[in-house]
Each structure stands twice: as C-alpha cells, then as structure tokens.
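Contents: one structure, followed by commentary.
The values are calculated or read from the model by the stated rules, or taken from the named source; none is laboratory data. Note that the coordinates shown come from a computational prediction; the quantities given were computed from them, not determined experimentally. Counting neighbours? That spans all protein chains shown, and the Cβs are built from the backbone with ideal geometry, glycine included.
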Number of protein chains: 2
Amino acid sequence: MLPYSKLIPVNKKADTAVYLQISNAFIKNIRRGILKSGLKLPSSRVLATLLHVNRNTINAALDELQAQGWIDIQPRKGIFVAQNLPVVKPTILSADQIQSRYASSTNYNIHPLKVSTPLATMAPPYFKLYIDDGFPDTRLAPLDLLAREIRRQAHLPAMRKYLTYGAPVGTGPLLEALVNVLSETRGLNVQPNNILITNGAQMGIYLVARTLLQEGDQVIVTEPNYFSANLTFQQAGAMLNRVPVDENGMDIDAVEMICKKKKIRLLYAVPHHHHPTTVTLSPERRMRLLELAAKYKFAIIEDDYDYEFHYTSNPILPMASLDNHGNVIYIGTLNKSLAPTIRVGFIVAPSNFIEIAAQMRRMIDFQGNALLENALAELYKNGTIMRHINKVQKIYHERRDHFCELLSTKLAGRVEFHVPNGGMSVWTHFPTRPLEKIAEHAMQMGLRIPNYRTYNTGKVDYNSIRMGFASLSLAEQDKAVDILAACVP
Amino acid sequence: MLPYSKLIPVNKKADTAVYLQISNAFIKNIRRGILKSGLKLPSSRVLATLLHVNRNTINAALDELQAQGWIDIQPRKGIFVAQNLPVVKPTILSADQIQSRYASSTNYNIHPLKVSTPLATMAPPYFKLYIDDGFPDTRLAPLDLLAREIRRQAHLPAMRKYLTYGAPVGTGPLLEALVNVLSETRGLNVQPNNILITNGAQMGIYLVARTLLQEGDQVIVTEPNYFSANLTFQQAGAMLNRVPVDENGMDIDAVEMICKKKKIRLLYAVPHHHHPTTVTLSPERRMRLLELAAKYKFAIIEDDYDYEFHYTSNPILPMASLDNHGNVIYIGTLNKSLAPTIRVGFIVAPSNFIEIAAQMRRMIDFQGNALLENALAELYKNGTIMRHINKVQKIYHERRDHFCELLSTKLAGRVEFHVPNGGMSVWTHFPTRPLEKIAEHAMQMGLRIPNYRTYNTGKVDYNSIRMGFASLSLAEQDKAVDILAACVP
C-alpha cells in the first residue's frame with residue numbers, strides 16, 4: 001500500500017478544517033500522478049485508522065472529493081481515483097520533494113528592464129546606526145494620532161460608502177483638505193479636479209512618465225539627478241538629455257540649447273532642493289524655465305518632495321504657483337512629513353492632464369486606501385499635520401546645523417559640502433578616499449552607509465553621497481561622524 | 001495707493017502664521033505683475049494699519065520677503081519691490097481673478113490612451129439601493145479589528161524599522177503569513193521569494209502586463225472578458241486574441257489554433273469563476289492549458305480574485321498548484337475578503353519573474369504600506385481573516401441562493417442565467433428589453449444599475465450584466481428584484 005500517512009499529512013491545529021486538509025492533499029497527489037487514474041483507494045475505515053482521524057472526517061473528505069470530480073465512489077465496489085482526469089506526464093515524487101517543489105524559473109522569456117542600473121528590491125538589513133539618503137526620523141512620526149484617527153474613521157457610518165470601489169483620484173475629503181493646504185502653504189489656488197492623490201512622489205513621477213512619454217521621447221534632466229526619476233523615464237522608453245547644475249540650480253542656457261535642437265517632451269526639475277545636490281533654483285532661472293516651457297511646449301515636473309523643510313528662510317513658493325500656461329506638473333508627498341511607508345502623495349496639474357493620469361492610475365491599482373486618505377484629511381483639518389511639520393522642522397533645522405558643524409570641525413579638509421538651505425541631507429564630496437572603501441571601513445566600526453554607490457554609476461564618479469542628517473539624533477550624529485573621521489584620511 | 005487690504009488678505013484663524021500669509025500674498029502679487037519691480041511699498045506702520053495687524057507682524061513679513069530677495073529695504077529711503085526680478089509678461093488681474101486662476105488645460109500635447117473605452121475616473125454618486133458588479137458587503141468587513149490591529153502595530157517598538165523605505169515585495173511578516181495561507185488553502189507550496197505583495201489584483205495584472213508585454217505582443221483573452229484586464233493589456237501595447245467561453249470555461253481548442261499561428265506571449269484566465277460569466281474551467285481544460293503553455297512557452301495569468309467564495313463544493317485548487325514548468329503567474333487579493341479599499345493583493349510566480357516585477361513595482365510606487373501589511377499579517381496569524389471568510393462565505397452562499405430563487409420566480413422567462421458555483425454575482429441576460437432602458441426605468445424607481453454598459457461596448461451587444469448579490473441583504477434583494485420585475489417586460 002502507498003504511504004498514505006506520509007502523502008496525506010494532517011495538522012489538527014491548523015486553521016483549515018481537517019477534512020479539507022485531507023481532500024486537498026488527495027487532490028495534490030492525484031495531480032502529481034502519485035495516485036493514478038483508476039487506482040482503488042483504501043476504504044474510509046482503513047483511511048481513518050491510517051491518518052488517525054475520525055471516520056466521519058474521512059467521509060466528509062471523500063464527499064468533497066466526489067463533489068469536485070476527483071474520485072468515483074462505486075457502491076459495493078470501492079473508491080477509485082476518477083478515470084476521466086487527464087494526468088500530464090505523471091512523475092513519482094517523494095513527499096519531501098512535493099513539499100518543496102515549485103518552479104524556480106519561468107519557461108518563457110522575460111524582457112530585461114530598459115534601465116541602466118537595477119534597483120534594489122530587498123530591504124537592507126536593519127542596522128542601528130546608518131547614514132541614509134535623507135529620510136525623516138520615523139521616531140518622530142505622529143503614528144499614534146494617525147492610527148487613532150484610522151480607528152475613528154473605521155467607526156463612522158459615512159465610511160461605508162468609501163469602503164467599496166471609489167475614484168482613482170482619491171477621496172473627496174482629502175482632495176478638499178489639499179485644496180486648502182496648497183493654497184495656504186504654497187500659493188497654489190486650485191480646484192479639486194486639479195489634484196490626483198498618489199501612493200507617494202514616486203507614483204507621481206511614474207504616472208507622468210507613462211502618461212506623457214512614448215518610445216524615443218526626449219526628456220531633460222540634470223546631471224547628477226535623482227536616480228529613481230532617471231530610471232522611470234528610461235523604462236518608459238525616453239531618451240535622457242543631461243544638463244549641468246551649479247550653485248543656482250539647473251543650467252537654463254543648456255536647457256535652451258537642447259530645446260533649439262530637439263523636440264523636448266518633458267523636463268524634470270527639483271527647484272526647491274535639487275536632488276542630489278540640495279541647491280535651490282534661483283528666481284531668475286525659474287522665470288526663464290517657465291518661459292522656455294511655454295515657448296517650446298514641454299511639460300515640467302516640479303518635484304517638491306520636501307517643500308516643508310526649508311531652514312534659511314521660509315519655503316520658496318513653487319514654480320507651479322507662477323505658471324499661467326499649464327506647463328508645470330507639481331508633485332508633492334506626505335512621506336517625508338510623516339513616514340516613508342505612509343504612501344500618500346499628490347499631483348497638481350491642469351484638469352485635462354489629471355483626467356488622463358487618473359485613467360492610467362485606474363489601471364495601475366484602481367485607487368488608494370480610502371480609510372487612510374480620510375484619516376489624513378481629518379489630520380490636516382484639525383491641524384495635526386501642520387503642528388507636526390512645525391515641530392520636526394525645528395528639530396531638523398537644529399540637526400542640520402549640528403551635522404554641518406561636525407563635518408566642518410571633525411572632518412575639516414577631508415570633505416567638501418555646502419550647508420543646504422533645506423531638505424534632510426548634505427551633499428558631501430570625499431576627495432581623499434573612494435566611498436566604497438570608506439563604507440567598508442565604517443561598517444566594521446558599526447556605521448552603515450548603504451547608498452555609497454548611488455551616485456557613482458554614471459560616466460562621472462562623483463565620489464559624493466547625500467548624507468541624511470534628519471533621521472539621526474545629535475548624539476547619533478556625534479557617533480556617526482566620529483566613525484567617519486576614523487575612516488576618512 | 002493700491003488696494004493693499006484686498007491684495008493682501010489676512011485670515012487670523014488660518015493654520016498658517018499671519019506674517020507668512022502676508023509675505024506669501026506679497027510674493028504672489030509681485031509675481032503676477034501687480035506689484036511691479038521698483039515700486040515703493042507703504043511703510044510698515046501704514047501697512048500695519050491697512051491690514052489691521054500688529055507692526056511686528058508686518059516687520060516679520062518684510063524680513064521674510066527680504067530674505068527671499070523679493071524686496072529691497074533701503075535705510076531712510078523706504079521699501080521697494082526688488083529690481084532684479086525678471087517678471088514675465090505681467091498682466092493686471094483683479095484679486096478675484098487671482099484667487100481662481102489656474103491653467104485649466106496643458107499647453108503640451110497629451111497622447112490619447114491606447115484603450116478602446118475610457119475608464120470612469122470619478123466615483124459614482126452614492127445610492128442606497130444598487131446592483132453592483134459583484135462586490136463584497138462592506139458592512140460585514142472586520143474593519144474595527146483591522147483598525148485596532150493597526151493601532152497596536154503602531155505602538156510596537158519593532159515597527160520603527162518598517163516605517164522607513166523597505167522592500168517593494170512587501171514586509172517579511174506578511175510574506176511569511178502568505179506562505180502559510182497559500183499552502184493551507186490553495187495547495188501552493190512556495191517560498192517568500194515567490195511572492196510580491198501588490199495594491200490589489202489590478203496592480204497584479206498591471207505589473208504582469210508591464211513586465212512581459214511590449215508593443216505588438218500577442219495576448220489571449222476570452223470574449224467576453226474582465227474589461228479592466230483587456231484595457232491594461234491594450235495600454236501596454238498588446239494585441240488581443242479573443243477565444244470563446246462556454247459552460248466549461250475558455251475554449252482550449254481555440255487557444256491551440258491561435259498558438260499554432262502566432263507567437264503568444266501571455267494568456268489571461270480566470271479559471272475559478274470566469275469574469276464575467278462565472279463559469280468554472282473544467283479540470284481537463286486546465287490540464288490542456290498547462291500543456292499548451294509549456295509547449296508554446298507562454299505565461300498564464302491565473303486571476304483568482306475570489307478564490308475563497310465557492311459554494312457548490314470547496315474551492316478548486318488553482319492551476320498554479322499543478323504547474324511544474326513555471327508558466328502560471330497566480331494573482332490573488334484581499335479586497336474581496338475584506339473591503340475593496342483595503343488595497344492588498346499578491347502575485348505568486350517563479351522567483352526570477354518576481355525579481356523583475358519587484359523592480360517594476362519599485363518604479364511605480366516604491367512599496368506598500370508596511371503598517372497595513374503587518375497588521376494583516378497578524379490578522380492572518382491569529383485566524384481573524386479566516387474566521388471572517390468562513391463567516392461571510394456562509395452569508396454569501398445564502399444570498400446567492402435567495403437571489404437566484406428570486407430571479408427564477410419573479411423574473412421567470414424574462415431573464416436567462418445559470419446559478420454560479422461561486423463568486424459574488426450572477427451573469428444575467430435580459431432578452432426582452434435593452435439594459436439601458438431597464439437601468440433608466442429602475443433608476444426612477446430607486447434602484448441604480450451603474451454597470452449596464454460594461455459588457456455592451458464590444459462588437460457583441462450581450463445585453464447582460466453581472467448582478468452582484470453579495471452586497472445586498474435578503475430584504476434588499478427582495479426590493480431590488482421587485483423593482484427589476486416592474487422594469488423588465
């Protein structure tokens with residue numbers, strides 16, 4: 001007899017009913033060819049003994065198998081694996097092999113990505129002390145207030161209508177809250193139909209790329225640039241035209257020269273705090289850029305992912321607030337104000353663009369999480385988010401000053417940087433030692449620098465990184481810079 | 001003098017500090033050309049009187065404006081709008097016009113979508129009694145348990161590491177929970193690296209389309225088919241090859257004929273309860289389909305969006321559990337078990353496919369919401385989700401029986417349908433009157449049928465809809481069918 005007790009494992013503590021475990025295991029063995037078509041199975045009494053279960057349980061499993069057509073129960077003859085099951089090339093496997101068996105690669109071809117560098121798909125191992133790319137301190141996030149509000153929203157009778165399928169642009173309450181926030185904080189006077197809620201700034205970039213770009217379209221970016229934006233444009237089939245960036249931001253003369261030669265479809269800008277260099281685009285260049293966009297009819301992505309975090313003066317109003325021609329697509333996010341995993345951002349653009357982008361978003365993931373969106377709307381309305389931003393703004397300001405002071409004193413002459421007007425990181429050049437070596441050395445001393453390769457992949461080896469100061473307390477900064485000082489000659 | 005009190009509106013109750021409201025309003029007016037370069041502004045004392053605010057507030061605003069370079073404060077001469085601001089074609093607008101001004105259309109060209117029918121981007125107006133496409137009853141969703149668990153997770157010290165950027169494939173706890181669930185409920189024995197968490201089944205379809213399809217690639221779908229899948233493949237540039245569907249599901253002979261003529265890249269199947277017709281793909285056809293996929297090397301999407309809801313027997317194990325060649329990409333979702341707005345689903349596939357799909361997902365929206373993912377992992381672990389599914393499974397079973405009974409008695413001879421083995425809707429044909437007329441008439445009587453056009457867009461006018469029974473209580477079903485009976489001759 002076949003080893004039924006091995007083929008049909010039973011776990012009485014599992015959530016799945018035992019009779020179902022048994023019928024599912026039978027099905028698997030029939031499909032694998034171990035229990036062949038026409039095979040006579042043991043009687044229910046015997047099976048009950050073999051599997052150490054009640055005979056009623058076996059009968060329930062057999063009923064199930066018969067209902068699904070896997071077995072024939074023939075009165076006075078016995079139980080048989082059904083005849084009309086076409087079993088494909090059955091191979092006999094041991095129970096162990098079956099447990100671990102799953103195809104590890106496809107038998108069809110997968111196109112390689114069009115991007116120049118693969119993206120990391122696994123989270124880095126958690127490390128206590130590390131220098132990130134400029135992320136917020138999640139310890140400060142008002143997570144309890146958010147979670148409490150989510151629970152309150154879950155109890156509201158009005159929530160019911162939001163729980164089913166809704167609009168891909170986002171829920172009404174959050175759109176209305178953003179209309180107010182954008183007007184009060186950014187001088188952007190828009191209607192709800194100018195806004196599309198996204199899962200963060202990255203989805204904003206992706207939606208613009210997929211809405212506007214076709215194979216071979218020309219895009220202008222800075223060199224260096226936010227690597228994730230470059231990859232997204234490349235994957236959408238675009239050609240990248242790179243312009244330099246200096247202490248006043250993107251070089252607009254270079255932009256104009258390209259516009260005269262090629263039909264430009266899209267320009268990607270981070271005017272407030274350029275990524276990665278953190279410089280602010282000057283007012284004169286902003287004006288010229290808007291003029292060029294109107295003249296050459298290209299779209300501008302204004303990625304303003306950290307608008308709220310500006311320390312030297314208050315934030316500079318975005319280019320979008322000055323654009324009368326409908327060229328600027330403004331992208332913002334709450335990830336930096338709250339926590340990266342709270343995936344909510346927004347696009348602001350003329351309503352005809354929003355309409356097409358919403359159809360695209362509808363195909364990507366239908367819509368966002370209404371429970372989260374309405375909770376955030378309430379936190380905007382009752383001032384929680386603004387209070388939180390004001391609070392952390394002061395903390396990050398202090399952290400920026402402390403970090404730059406540490407770099408100036410403890411690493412004097414061994415690093416080159418400018419104090420950033422805002423944001424969460426310092427763009428730092430290491431002239432004396434390759435970053436890879438520094439990162440290796442620092443790791444041995446307990447400091448992780450995970451992004452040391454990020455800006456060393458292009459033609460130029462910058463040997464520079466964004467050093468995130470916002471997520472480190474002053475004491476952690478002291479420790480991190482002490483380690484760095486020991487690693488940089 | 002210019003009407004400063006109109007140009008610079010002050011709202012003392014707003015969240016934004018008054019001095020910032022003032023400086024932002026000045027900037028806006030300078031940018032708009034109303035306050036021209038070189039214009040002398042009133043003294044801070046006069047401004048304080050005009051705007052009814054303290055003089056210190058005005059001074060703070062002026063400091064801000066000077067810091068940002070918008071004004072020059074010349075000792076003993078006065079305050080002037082800065083000279084070096086290149087103002088682009090200034091136009092004088094009234095304060096009212098400024099408030100509502102925002103470009104309503106782009107000045108660049110937007111490519112039309114490649115899809116044959118536009119998707120709805122706005123949520124339908126809320127209506128008390130309506131027949132949906134087959135959605136769950138959100139009143140039954142264990143929302144409080146989920147919200148409570150989210151709040152508990154928010155307090156866990158371990159949550160900190162999940163709050164920052166993580167892996168696009170999803171959090172470890174949810175991947176591990178799914179490994180167990182997939183094995184126990186679906187006979188799928190996989191490793192965590194075979195799974196990618198998505199924002200629902202639609203993102204699963206989208207990711208497969210963007211990972212596998214290039215312009216002109218051939219895809220096989222049924223006719224009729226889930227419209228959203230068709231649109232997603234078309235938008236990715238694919239050509240659709242349509243095969244008929246009968247009471248045993250997709251016509252596999254037709255699939256084979258197409259494979260002999262064309263290089264097929266992808267086939268989309270909903271074997272458990274076909275969308276829209278609800279029929280189950282027979283075991284024989286499943287086997288043949290897997291054979292064809294292995295032979296012709298195409299990928300199969302097995303969309304199993306409502307696996308848990310099967311009433312005639314227990315759910316039939318998915319094709320993916322039988323696939324030894326790595327052809328099946330299995331898509332599941334929690335939206336149907338919990339609520340559509342809880343956007344969590346998954347893809348199961350060979351690890352090389354998951355790796356590329358994860359890179360694609362990384363570009364779309366970086367990652368999911370870890371707070372939600374970990375809360376769901378815990379609800380799987382402690383049995384909450386399984387208990388909920390068992391509970392609603394029984395309720396929906398009863399609702400299916402009641403609804404089909406109502407159709408058979410109250411609409412006898414006026415509708416054609418088969419009792420579905422599972423799912424949440426009955427595919428119903430109306431032979432006597434155009435659905436559009438029925439929907440209009442029903443609307444006047446208080447019953448909304450929003451999707452009457454969904455399956456009437458192709459070459460064939462099915463005059464059929466999926467009638468969702470799961471979201472209606474028995475009493476609501478009585479009412480809805482009474483209205484229908486009055487509208488269908």
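Checking the conditions here, which among A:Arg148, A:Arg186, A:Arg210, A:Arg160 is facing chain B (nearest Cβ under 9 Å), free of Cβ contacts under 8 Å to residues at least 12 places away in the same chain, basic (Lys, Arg) and farther than 18 Å from A:Leu338 by Cα? Give the derivation first.
Working: A:Arg148 fails: farther than 18 Å from A:Leu338 by Cα; A:Arg186 fails: free of Cβ contacts under 8 Å to residues at least 12 places away in the same chain; A:Arg210 fails: free of Cβ contacts under 8 Å to residues at least 12 places away in the same chain.
On inspection, the qualifying residue turns out to be A:Arg160.
Answer with yes or no whether B:Tyr396 is in the same structural domain as B:Glu476 (by the TED database) and either at negative phi or over 24 Å from the mean Cα position of the chain (by Cα) (or both). Reasoning before the result, please.
Numbers: in the same structural domain as B:Glu476 (by the TED database): yes; either at negative phi or over 24 Å from the mean Cα position of the chain (by Cα) (or both): yes.
Answer is yes for this residue.
Give just the number: which of (1) part of a loop (DSSP other than H, G, I, E, B); (2) of a type in the set (A, V, I, L, M); (3) out of contact with any helix residue (DSSP H, G or I) (no Cβ under 6 Å at 6 or more places or on another chain) does B:Met467 not satisfy?
(1)
Among the residues of segment A:234-244, is there at least one that is under 24 Å from A:Met424 (Cβ atoms) and touching a residue at least 60 places away in the same chain (Cβ under 8 Å)?
Checked segment A:234-244: no residue is under 24 Å from A:Met424 (Cβ atoms) and touching a residue at least 60 places away in the same chain (Cβ under 8 Å).
Considering only segment A:219-244, state which residues are closer than 21 Å to A:Gln202 by Cβ and of a type in the set (Val, Ile, Thr).
A:Val219, A:Ile220, A:Val221, A:Thr222, A:Thr232
With respect to B:Val221, determine if the residue is modelled with pLDDT of 90 or more, more than 8 Å from every other protein chain (Cβ to nearest Cβ) and closer than 12 Å to B:Tyr268 by Cα.
On the way: modelled with pLDDT of 90 or more: yes; more than 8 Å from every other protein chain (Cβ to nearest Cβ): yes; closer than 12 Å to B:Tyr268 by Cα: yes.
Spelling it out, B:Val221 is indeed modelled with pLDDT of 90 or more, more than 8 Å from every other protein chain (Cβ to nearest Cβ) and closer than 12 Å to B:Tyr268 by Cα.
For segment A:50-79, name all the residues that are in contact with a Pro (Cβ under 9 Å, 6 or more places away or on another chain) and of a type in the set (Val, Ile, Thr).
Of everything in segment A:50-79, just one residue is in contact with a Pro (Cβ under 9 Å, 6 or more places away or on another chain) and of a type in the set (Val, Ile, Thr), namely A:Ile79.
Give me the strands (runs of 3 or more DSSP E) completely within segment A:219-315, filtered to those with at least 2 residues that are assigned by the TED database to the domain that holds A:Ile329, closer than 27 Å to B:Trp70 by Cβ and within 30 Å of the chain's Cα centre (by Cα), ordered by residue number. Working first, answer last.
On the way: elements: A:239-243, A:264-269, A:299-303.
In segment A:219-315, A:264-269, A:299-303 are the strands (runs of 3 or more DSSP E) which contain 2 or more residues that are assigned by the TED database to the domain that holds A:Ile329, closer than 27 Å to B:Trp70 by Cβ and within 30 Å of the chain's Cα centre (by Cα).
For B:Leu65, state whether it is within 13 Å of B:Ala82 (Cα to Cα) and either in contact with a helix residue (DSSP H, G or I) (Cβ under 6 Å, 6 or more places away or on another chain) or surrounded by 18 or more Cβ atoms within 10 Å (Cβ to Cβ) (or both). Can you show your working first?
Numbers: within 13 Å of B:Ala82 (Cα to Cα): yes; either in contact with a helix residue (DSSP H, G or I) (Cβ under 6 Å, 6 or more places away or on another chain) or surrounded by 18 or more Cβ atoms within 10 Å (Cβ to Cβ) (or both): yes.
Yes.
Specify the residue that is surrounded by the fewest Cβ atoms within 10 Å (Cβ to Cβ); the eligible residues are those in segment A:13-28 that are more than 7 Å from chain B (Cβ to nearest Cβ) and modelled with pLDDT under 85.
Among those residues, the one meeting the criterion is A:Lys13.
Filter segment A:207-225 down to the residues that are in contact with a Pro (Cβ under 9 Å, 6 or more places away or on another chain) and buried (at least 24 other Cβ atoms within 10 Å of the Cβ) and list them by number. It would help to see each step written out before you state the result.
Filtering segment A:207-225 for residues in contact with a Pro (Cβ under 9 Å, 6 or more places away or on another chain) gives A:222-225.
If the condition is that a residue be in contact with a Pro (Cβ under 9 Å, 6 or more places away or on another chain) and buried (at least 24 other Cβ atoms within 10 Å of the Cβ), then A:Thr222, A:Asn225 are the ones that fit.
Within segment A:34-46, identify whether any single residue is on the phi > 0 side of the Ramachandran plot, exposed (fewer than 15 other Cβ atoms within 10 Å of the Cβ), at pLDDT below 85 and not in a helix (DSSP H, G or I), and answer yes or no. Steps first, please.
Step one: of segment A:34-46, the residues on the phi > 0 side of the Ramachandran plot are A:38.
Then drop every residue that is not exposed (fewer than 15 other Cβ atoms within 10 Å of the Cβ), which leaves A:38.
If we keep only those that are at pLDDT below 85 too, we end up with A:38.
Checking which are not in a helix (DSSP H, G or I) leaves us with A:38.
So far as segment A:34-46 goes, yes, one or more of its residues are on the phi > 0 side of the Ramachandran plot, exposed (fewer than 15 other Cβ atoms within 10 Å of the Cβ), at pLDDT below 85 and not in a helix (DSSP H, G or I).
Hey, A:Lys381 hits all of (1) charged (D, E, K, R); (2) surrounded by 22 or more Cβ atoms within 10 Å (Cβ to Cβ); (3) modelled with pLDDT under 95 but one; which does it fall short on?
Answer for A:Lys381: the failing condition is (2).
Listed residues A:Ile301, A:Ile354; which is at negative phi and either without any contact (Cβ under 8 Å) to a residue 12 or more places away in the chain or touching a Leu at 6+ places or on another chain (Cβ under 6 Å) (or both)? First the steps, then the outcome.
On the way: A:Ile301 fails: either without any contact (Cβ under 8 Å) to a residue 12 or more places away in the chain or touching a Leu at 6+ places or on another chain (Cβ under 6 Å) (or both).
Among A:Ile301, A:Ile354, only A:Ile354 is at negative phi and either without any contact (Cβ under 8 Å) to a residue 12 or more places away in the chain or touching a Leu at 6+ places or on another chain (Cβ under 6 Å) (or both).
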